[in-house]
Amino acid sequence: MGVEGIGASVVRKEDKRFITGKGRYVDDIKLQGMTHAHFIRSPHAHAKVKGIDSSAALKMPGVVAVLTGQEIVDDKVGNLICGWAITSKDGSPMKMGAWPAMAPETVRFVGQAVAVVIAESKNLARDAAEAVVVNYEELPAVADVHAAIKSGAPQLHPEAPGNQVYDWVIGDEGATDAAFAKAANVVKLDVTNNRLAPNAMEPRAAIADYDAAEEHFTLYTTSQNPHVARLVLSAFYNIAPEHKLRVIAPDVGGGFGSKIFIYPEEMVALWASKKVGRPVKWTGDRTEAFLTDAHGRDHVTHAEMAFDANNKITGLKVKTYANFGAYMSLFSSSVPTYLYATLLSGQYNIPAIHAEVVGVYTNTTPVDAYRGAGRPEASYLIERLMETAARQLKVDPAALRRTNFITQFPHQTPVIMAYDTGDFNASLDAAMKAIDYAGFAGRKAKAKADGKLRGIGVSCYIEACGIAPSKAVGSLGAGVGLWESAEVRVNPVGTIEVLTGSHSHGQGHETTFCQLVAERLGVPISQVSIVHGDTDKVQFGMGTYGSRSAAVGLTAILKAMEKMESKAKKIAAHALEASEGDIVIENGEFKVAGTDKAIAFPMVALAAYTAHNLPDGMEPGLKESAFYDPTNFTFPAGTYICELEVDPGTGKTSFVNFVAADDFGRLINPMIVEGQVHGGLVQGIGQALLEHAIYDASGQPVTASFMDYAMPRADDVPSFNLSHTTTLCPGNPLGIKGCGEAGAIGASAAVINAITDAIGKNNLEMPATPDRVWRTIHAA
Amino acid sequence: MYQTVYHRASSVDEAVALFSKSSEAKFLAGGQTLLPVMKQRLASPSDVIDLGKIKELQGVELSGDVLTIKAGTTYFDIMQNADVKKAIPAIAYLTSVLGDPAVRYRGTIGGSIANNDPAADFPAALLALGATVKTNKRSITADDFFQGMFTTALEDGELITAVSFPVPAKAGYEKMRHPASRFALTGVFVAQTKSGEIRVAATGASQSGVMRVPAIEAALKANWSPSAIDGVSISASNLLADIHGTAEYRANLIKVMAQRAVAAAR
Ligand SMILES: Cc1cc2nc3c(=O)[nH]c(=O)nc-3n(C[C@H](O)[C@H](O)[C@H](O)COP(=O)(O)OP(=O)(O)OC[C@H]3O[C@@H](n4cnc5c(N)ncnc54)[C@H](O)[C@@H]3O)c2cc1C
């Protein structure tokens, strides 16, 4: 490892511009003649739009246009799509209602846009929006899954009777029933996985710029995957063919999944820009973010686990109701199915699993992938079940897990996934040691003497990352392949540009990706730049989500590097009059092994471009590209243990210690990995203790600002004690598994297991607010 | 934000005169309540009269047994002030757990009590300490000043100039922070005056804003100790209930916070 190579905690290159306020986000961009959009949004959870009167608004100063849902439908802009087809157990395809970019007839959640005002300034647009009169006829609404599936419930879409999108199953029902019939013990649990608002620091924004002469659109947008945005806008929404549409995702301030999707606002901005003949900018505010960014989670589950007399798990049955909100967002259908139920085996040998998932429409904001996407729900369920089982079977929770760990790899679970490698005992051992698990009983007794209830909670998570092998996801209904692309361009003076289809919106790619180049060539990372986020600059790519950018994106860069190096070696061998096989790369030089003959990398690059002295038949230039499609998912796994105290007077939780032992395979930049784990853990703790996007029974959001929606703050979370127990991923040449989501996947169960241990009552839903914990302590 | 006219007053008289000349004016102190409300277009004052540069509204004075805090003094300045820490450390503590650093640097005692949010901290301190609110027109006792959620005895255009607190024998404050906003989910201020009177005020709990808690006052009168409150029962009726706390939970918090405030009282 060089000072800037793989494994070095290099300080992030991009932070200089972020920390000094020089980042360039969508809202920082100002175009000549730019207009501003303000959306008129439904205040009702469910209503018919009977009429829109914009006559008064159109007369107001600075108003350029007021455009409505009917007009966007008339102009044949496509409805929003859901990109993963799920088939119900009866063989029928999922049942989807249409989602137009602005509602022409019916609104189905509070915040859904019905019209947009385009004006000379943001404030003028907002003023005019207040003068637009929308006549609604309110309809009965339903916000909760249980209420939505009752007969007689308000119906959202005629296409989906009973508000049911699908009823999907996985696993072997007969084998699972047989396991339960023979079980020595059965453990049952009901859990709710609370709905979350993603709350990236930067709200969503878009600027659309139509060039009538070229019939060409440029879209600046807050996207995690600009190429996918362009593909969908072009192929499904009829905005423009791909070569007439450039999508730029500049600096993006966090996504957590919520910026994967193509939203109505971007579509409307593009369409409106052509209609008004000027650039159109929209920047969402925080309230709009709460109302319209795709939410996360929102499951209600009943699960049962069967054990034999030796406390070995013999079967698992799960039934989950997933709340999709009012419309099916881009990847929503896959989240509670292939990203959730395929992980229900956890870290355990479970011979038989059967899961059923019912997807349900409600009059709420659409729900889609949010950091972890399906895997936190699976991990939370399994780890709550294991803890419940340990309590019921009266065995130590860590020991029960050990009894059931998978120890042989590869391991085929009964729910599709084939785990390639791992060492679950190693991470459990490391975490138990770090927290002094053995000494806990003594600490609990001491806390009790001080009037505090102390608890410890274990969570052994596993996730499927490195999303994803294209063939595998294609066979499961995905509408796209999930490979990644890269191009390595060596300039004539030897500096290097790496073009990646991944997108960095906080992950630090501009540093880690350079480290691979530094590792291989021995050049300083200052000589390398990472280019991403612009469909005109970068070849087609799939973007960043699902902890994929190192495992898939960086592997694509490696493949391109190998091709480039191979050509560079030929050039060097020719120049040094040596044979290609003898050339080695060291410290920025191409050397003849075992001699002092060497040529510096910039000279090789220059030779490639001057082309005066290249081997016969060789093309000039030094630029190579690669597409990499993984052969399997990767399986990061680990153990989180948390120790905390509950104040019995207030129900308030305070952390004593939180340890994480993760297996992410190879780490490129341990400092950045640590940051990713910290952020993930805080989100997991936020879900466990604080965050909850709540609707009342009529579908009105109750938590649409930070005064009501509790985001975790620094003083809500402990200092983390992190460690790594590494097994290299055999699926990719760098041995990387991914680290972006682990914290959010594993943390919640550790916290709830610890609180329920502290208070001696097992049933406690998230978020475990002080009020809820206090009521649980004092419940009869 | 809607359009508004901004004025910067340099004296109390000027501020009051500007107010009376405008159609729908608002005084602006720290802006921590007024500005968010304006940004959300929930308030549309014709004129905003900034009090921030009025010297006579700044500062703290300790004279004998009376601590006077001028209306425009920020929470941060109150928290740091040596006289406050010496005379009524419970007030210094209260400001240290009020909101977050940004709110503490900008927000003022005058703005807080004029606004009288049912979950604000200062109203509990004023009520428990038997403070007096000074305005450009008169003096109002805390008992008369707070008149229910977001309602005070202030007349239209009346400007708070200062609050004076009799220095107590002992006082303490404890608060359960609202998980999202950091206001008081419930906070209790307990005080024992130099003449031996016991006054206890709870904020964040009641549907009618800050309130005295006679049952706890009686228990503490008999025995000034946390355990004296063990047997007190607080009714949940008329208490606030929302997603962060049921009425029963708040009833419990009144007791628990009172006990902790007594334990912390100095
Ligand atoms: C995130 C956040 C967290 C908060 N947390 C807390 C908390 O934990 N505890 C708490 O108590 N408060 C909290 N607050 C509210 C904060 O204390 C405000 O500062 C306070 O409510 C208003 O004070 P201000 O000086 O900012 O007044 P402004 O917002 O400027 O004014 C508020 C109102 O008072 C009027 N006013 C101001 N000064 C005078 C005066 N001298 N005479 C007459 N009328 C006047 C104004 O006209 C206006 O109507 C929080 C606020 C925020 C934004």
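So in the stretch B:204-213, with the set limited to residues that are assigned to a loop (DSSP other than H, G, I, E, B) and aliphatic (A, V, I, L, M), which one is surrounded by the fewest Cβ atoms within 10 Å (Cβ to Cβ)? Outline the logic, then answer.
Restricting attention to the stretch B:204-213, the residues satisfying the condition of being assigned to a loop (DSSP other than H, G, I, E, B) are B:204-205, B:207-210, B:213.
Checking the rest, the ones that are also aliphatic (A, V, I, L, M) come to B:205, B:210, B:213.
Values: B:A205: 32, B:V210: 32, B:V213: 25.
Going through the qualifying residues, I end up with B:V213.
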| said: For the condition at pLDDT below 95 and either within 13 Å of B:M79 (Cα to Cα) or near the ligand (Cβ under 10 Å from one of its atoms) (or both), what is the one hit in B:D117, B:D100, B:D121? | reply: B:D100
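Yes or no, residue by residue, for (1) crowded, with 19+ Cβ neighbours inside 10 Å; (2) under 13 Å from the mean Cα position of the chain (by Cα); (3) within 13 Å of the ligand (Cβ to nearest atom); (4) part of a loop (DSSP other than H, G, I, E, B):
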residue: B:F150; (1), (2), (3), (4): no, yes, yes, yes
residue: B:F165; (1), (2), (3), (4): yes, yes, no, no
residue: B:P168; (1), (2), (3), (4): yes, no, no, yes
residue: B:Y173; (1), (2), (3), (4): yes, yes, yes, no
residue: B:L185; (1), (2), (3), (4): yes, no, yes, no
residue: B:S195; (1), (2), (3), (4): no, no, no, yes
residue: B:A202; (1), (2), (3), (4): yes, yes, no, no
residue: B:A215; (1), (2), (3), (4): no, no, no, no
| Of the conditions (1) within 22 Å of A:G255 (Cβ to Cβ); (2) touching a residue at least 12 places away in the same chain (Cβ under 8 Å); (3) within 14 Å of another protein chain (Cβ to nearest Cβ), A:I694 fails just one. Which one is it? | (1)
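Using the structure shown, decide if A:M711 is free of Cβ contacts under 8 Å to residues at least 12 places away in the same chain and either surrounded by fewer than 23 Cβ atoms within 10 Å (Cβ to Cβ) or within 12 Å of chain B (Cβ to nearest Cβ) (or both).
Details: free of Cβ contacts under 8 Å to residues at least 12 places away in the same chain: no; either surrounded by fewer than 23 Cβ atoms within 10 Å (Cβ to Cβ) or within 12 Å of chain B (Cβ to nearest Cβ) (or both): yes.
No, not satisfied.
Would the stretch A:4-17 turn up any residue that is in contact with a strand residue (DSSP E or B) (Cβ under 7 Å, 6 or more places away or on another chain) and outside any strand (DSSP E or B)?
No, there is no match, as no residue in the stretch A:4-17 is in contact with a strand residue (DSSP E or B) (Cβ under 7 Å, 6 or more places away or on another chain) and outside any strand (DSSP E or B).
Condition (residue is assigned to a strand (DSSP E or B), within 14 Å of another protein chain (Cβ to nearest Cβ) and without any contact (Cβ under 8 Å) to a residue 60 or more places away in the chain) applied to the stretch B:228-236: is it met by at least one residue?
Within the stretch B:228-236, the first condition is being assigned to a strand (DSSP E or B), and the residues that meet it are none.
No, that holds for no residue.
Can you find even one residue in the stretch A:719-742 that is under 23 Å from B:R177 (Cβ atoms) and in the same structural domain as A:G374 (by TED's automatic domain parsing)?
First, the residues of the stretch A:719-742 that are under 23 Å from B:R177 (Cβ atoms): A:719-720.
Still in the running and in the same structural domain as A:G374 (by TED's automatic domain parsing): A:719-720.
Scanning the stretch A:719-742, I find at least one residue that is under 23 Å from B:R177 (Cβ atoms) and in the same structural domain as A:G374 (by TED's automatic domain parsing), so the answer is yes.
Pull up the stretch A:37-90, narrow it to residues that are of a type in the set (V, I, T) and under 28 Å from the mean Cα position of the chain (by Cα), then point me to the one that is farthest from A:S333 (Cα to Cα).
That would be A:V77.
Out of the stretch A:169-187, which residues are out of contact with any helix residue (DSSP H, G or I) (no Cβ under 8 Å at 6 or more places or on another chain) and in a strand (DSSP E or B)?
Within the stretch A:169-187, the subset out of contact with any helix residue (DSSP H, G or I) (no Cβ under 8 Å at 6 or more places or on another chain) is A:169, A:172-184.
Scanning the stretch A:169-187 gives a single hit, A:V169.
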| query | Of the residues A:V488, A:V498, A:V473, which single one is buried (at least 19 other Cβ atoms within 10 Å of the Cβ), modelled with pLDDT under 95 and not in a loop (DSSP other than H, G, I, E, B)? | reply | A:V473
| task | Out of the residues in the stretch A:314-333 that are assigned to a loop (DSSP other than H, G, I, E, B) and among the aliphatic types (A, V, I, L, M), state the one that is nearest to A:S88 (Cα to Cα). | result | A:M328
| field | Within the stretch B:121-146, tally of residues that are touching a residue at least 40 places away in the same chain (Cβ under 8 Å), part of a loop (DSSP other than H, G, I, E, B) and within 25 Å of B:I49 (Cα to Cα) | value | 2
| task | Specify the residue that is farthest from A:D450 (Cα to Cα); the eligible residues are those in the stretch A:627-650 that are among the acidic types (D, E) and in a strand (DSSP E or B). | result | A:E643
| Got at least one residue in the stretch A:653-669 being modelled with pLDDT of 95 or more, within 14 Å of chain B (Cβ to nearest Cβ) and not in a loop (DSSP other than H, G, I, E, B)? | yes
| said: Could you check the stretch A:116-138 and list, in sequence order, the residues that are in a loop (DSSP other than H, G, I, E, B) and crowded, with 18+ Cβ neighbours inside 10 Å? | reply: A:V132
| message | Filter the stretch B:217-227 down to the residues that are surrounded by 13 or more Cβ atoms within 10 Å (Cβ to Cβ) and part of a helix (DSSP H, G or I) and list them by number. | response | B:E217, B:A218, B:A219, B:L220, B:K221, B:P226
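Considering every residue within the stretch A:744-757, establish whether at least one is in the same structural domain as A:H411 (by TED's automatic domain parsing) and not in a helix (DSSP H, G or I).
Let us first name the residues in the stretch A:744-757 that are in the same structural domain as A:H411 (by TED's automatic domain parsing), namely A:744-757.
Pick out the ones that are also not in a helix (DSSP H, G or I) and you get none.
Checked against the condition, which is being in the same structural domain as A:H411 (by TED's automatic domain parsing) and not in a helix (DSSP H, G or I), the stretch A:744-757 yields no hits at all.
Can you find even one residue in the stretch A:720-740 that is within 14 Å of another protein chain (Cβ to nearest Cβ), touching a Pro at 6+ places or on another chain (Cβ under 9 Å) and not charged (D, E, K, R)?
no
How about the stretch B:237-266: which of its residues are more than 13 Å from chain A (Cβ to nearest Cβ) and not aliphatic (A, V, I, L, M)? Full working, then the answer.
Initially, the stretch B:237-266 is screened for residues more than 13 Å from chain A (Cβ to nearest Cβ), giving B:237-238, B:262, B:264-266.
Of everything in the stretch B:237-266, those that are more than 13 Å from chain A (Cβ to nearest Cβ) and not aliphatic (A, V, I, L, M) turn out to be B:S237, B:N238, B:R266.
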| field | Hits in the stretch A:267-288 - residues which are under 22 Å from A:R371 (Cα atoms) and either more than 14 Å from chain B (Cβ to nearest Cβ) or free of Cβ contacts under 8 Å to residues at least 60 places away in the same chain (or both) | value | A:G284
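This table checks each residue for (1) within 18 Å of B:L154 (Cα to Cα); (2) within 14 Å of the ligand (Cβ to nearest atom).
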| position | (1), (2) |
| --- | --- |
| B:Y2 | no, no |
| B:V5 | no, no |
| B:A17 | yes, no |
| B:R41 | no, no |
| B:I49 | yes, yes |
| B:Q58 | no, yes |
| B:L67 | no, no |
| B:V84 | no, no |
| B:I91 | no, yes |
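The values are calculated or read from the model by the stated rules, or taken from the named source; none is laboratory data. Not measured: the values here are computed from a predicted model. In this analysis, Cβ positions are derived from the backbone assuming ideal geometry, glycine residues included, and neighbour counts consider all displayed protein chains.
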